[in-house]
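K.L.:
What follows is a single structure, and I will ask about it in a moment.
The values are calculated or read from the model by the stated rules, or taken from the named source; none is laboratory data. Because the structure is a prediction, the values reported are computed rather than measured. Note that we place each Cβ from the backbone using ideal geometry, even for glycine, and neighbour counts take in every protein chain shown. Ligands, DNA and RNA are stripped out before the accessible areas are found, and what is left, the full protein with its side chains, is counted by its heavy atoms. Shrake-Rupley method; radii C 1.70, N 1.55, O 1.52, S 1.80 Å.
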Amino acid sequence: MKDINEIRADFPILQRKIYGKPLIYFDNGATTQKPRCVIDRQEEVFTEFNGNIHRGIHYLSDASSEAFENARETVKSFLNAGKKEEIIFTSGTTGSINGIAFSFGERYINPGDEILVSWLEHHANIVPWQMMCERKGAILKVIPVDDSGEIVLSEYYRLLSPRTRLVSVTQASNALGTVLPLKEIIAAAHAIDVPVMVDGAQGVQHGNIDVTDLDCDFYVFSGHKIYGPNGIGVLFGKEKWLTELPPFQGGGDMVDKVTFEKTTYNELPFKFEAGTMNYPGAICLASALDYLEGLGRENIAAMEKELLRYATERLSSIKGLKIYGNAKEKISTISFLLEKIHQYDTGMILDKMGIAVRTGTHCAQPVMDRYGIDGTVRASLCFYNTKDEIDSLVAGIERVKIMFA
Ligand code: PLP
């Protein structure tokens, strides 16, 4: 196992200074920084073997196609999916959810049907379902959360009904850090034959994910939040669903035979991959996943657990600081507010100290409404962060307090 200095040396951006101060990057929930191997792989794609995939008979096209399909294999292993045909590349979590919402809506949804989401969802797991409900005359139902930021399971069981067609929940809340009890959620839905989609955008990068063991029907995530490039994402779907669902985009590559009278579709997974895919993104995403496997996902989870414990303890000791989200199971994300100091002011002053945090509603406005606030300061930590950096955050917050005293 690499030590923390070796790990940090793998991420070139962590060596830079912001306003003359060492960068302290605590906005990993928004996007993660990239290890050298991902940066190098991108250069390799464009200097060594770039050619459009699945289309050419020439050397470069073959090499790109092979690397792209190997990337699919890497994602399949990372998620422990059953088949590589169940791995669809998309533009990201948002792209994946919109795709499923469209296809599922077209195939299965009728007026009066219900879709269940939780109160903790990112807008990406709310709006596509609202759009689908509007199109199909269906109804969106919401599982409530309690004051600690945990979903109320008894209410979930109550909301599940013969009208429920799909449950779509996040693995972890980007705003509060809450980890959802996915096994219970999935088991209860399956007991009445309702499929479950999991938004893994804030879960996949924090430890082991096993879609076979979890038994979810769909699982989605974004490359840029797991140390890979932007513009690439994944949609895992069980084969039986992907076979039945219609494609969500039409175009090149996703077809079998095209005539003006009738078009037939390609086999899985290509049926859902219309047009030129972001193959450089997929190839570099695979490098990021390999990097994480190299560090060991259990090691990553342990490091982040300790960072969360330490940061929670240190931040809790600051007078006038309130943490939002105290669920028993959390990813290493802490949302907080300082008494009488607006989140933007806190964030802007921390920035001048080289500390990057996120402020605002975190694209999770309903969560903010639930607590009657208009946003928080969010520190989302990951394995390349250190306790020294957390100490600097605490010192920075104390300075913000003095400036506003
Ligand atoms: N879902 C969750 C829980 C998120 O945190 C995010 C982004 O922050 C998204 C979905 C959307 O991800 P993307 O913008 O990469 O599509």
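This table checks each residue for (1) surrounded by 19 or more Cβ atoms within 10 Å (Cβ to Cβ); (2) touching a Pro at 6+ places or on another chain (Cβ under 6 Å).
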| position | (1), (2) |
| --- | --- |
| Leu245 | yes, no |
| Met254 | yes, yes |
| Lys271 | yes, yes |
| Gly275 | no, no |
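K.L.:
Please indicate, with yes or no, whether at least one residue in the stretch 216-238 is farther than 16 Å from Lys76 by Cα, small (Gly, Ala, Ser) and more than 16 Å from the ligand (Cβ to nearest atom).
P.N.:
No: zero hits.
K.L.:
Filter the stretch 26-76 down to the residues that are out of contact with any Lys or Arg (no Cβ under 7 Å at 6 or more places or on another chain) and among the acidic types (Asp, Glu), then identify the one that is least open to solvent (accessible area, probe 1.4 Å). Walk me through how you get there before you give the answer.
P.N.:
Taking the stretch 26-76 first, the residues out of contact with any Lys or Arg (no Cβ under 7 Å at 6 or more places or on another chain) are 26, 28, 33-60, 62-71, 74-75.
Restricting the remaining residues to those that are among the acidic types (Asp, Glu) gives 40, 43-44, 48, 62, 66, 69.
Values: Asp40: 73, Glu43: 118, Glu44: 79, Glu48: 117, Asp62: 85, Glu66: 119, Glu69: 33 Å².
Within the stretch 26-76, the match that is least open to solvent (accessible area, probe 1.4 Å) is Glu69.
K.L.:
Considering only the stretch 94-123, how many residues are within 16 Å of the ligand (Cβ to nearest atom) and open to solvent by 10 Å² or more (accessible area, probe 1.4 Å)?
P.N.:
Residues meeting the conditions: 7.
K.L.:
A follow-up question, please. Here is a check on your reading of the model: is Lys83 in contact (Cβ under 8 Å) with a residue 40 or more places away in the chain, more than 16 Å from the ligand (Cβ to nearest atom) and either open to solvent by 10 Å² or more (accessible area, probe 1.4 Å) or basic (Lys, Arg) (or both)? Give the steps one after another, and end with the answer.
P.N.:
Values: in contact (Cβ under 8 Å) with a residue 40 or more places away in the chain: yes; more than 16 Å from the ligand (Cβ to nearest atom): yes; either open to solvent by 10 Å² or more (accessible area, probe 1.4 Å) or basic (Lys, Arg) (or both): yes.
Yes.
K.L.:
Which of the residues belonging to the stretch 348-367 are open to solvent by less than 10 Å² (accessible area, probe 1.4 Å) and away from the ligand (no atom under 14 Å from the Cβ)? Show your work before the answer.
P.N.:
From the stretch 348-367, those open to solvent by less than 10 Å² (accessible area, probe 1.4 Å) are 350, 354-355, 360, 362, 364, 367; that's our starting set.
Within the stretch 348-367, Leu350, Gly354, Ile355 meet the criteria.
K.L.:
Would you be able to tell me the number of residues in the stretch 263-317 that are in contact with an Asp or Glu (Cβ under 7 Å, 6 or more places away or on another chain), within 20 Å of Gly92 (Cβ to Cβ) and hydroxyl-bearing (Ser, Thr, Tyr)?
P.N.:
Going through the stretch 263-317 one residue at a time, the tally reaches 0.
K.L.:
Collect the residues in the stretch 168-199 that are under 19 Å from Lys83 (Cα atoms) and either open to solvent by 10 Å² or more (accessible area, probe 1.4 Å) or within 16 Å of the ligand (Cβ to nearest atom) (or both), keeping them in residue-number order.
P.N.:
In the first step, residues of the stretch 168-199 are kept if they are under 19 Å from Lys83 (Cα atoms); the result is 195-198.
Those that are under 19 Å from Lys83 (Cα atoms) and either open to solvent by 10 Å² or more (accessible area, probe 1.4 Å) or within 16 Å of the ligand (Cβ to nearest atom) (or both): Val196, Met197, Val198.
K.L.:
Something else about it: From the list Lys328, Lys322, pick out the single residue that is away from the ligand (no atom under 16 Å from the Cβ), open to solvent by 40 Å² or more (accessible area, probe 1.4 Å) and either assigned to a strand (DSSP E or B) or at pLDDT below 95 (or both).
P.N.:
Lys322
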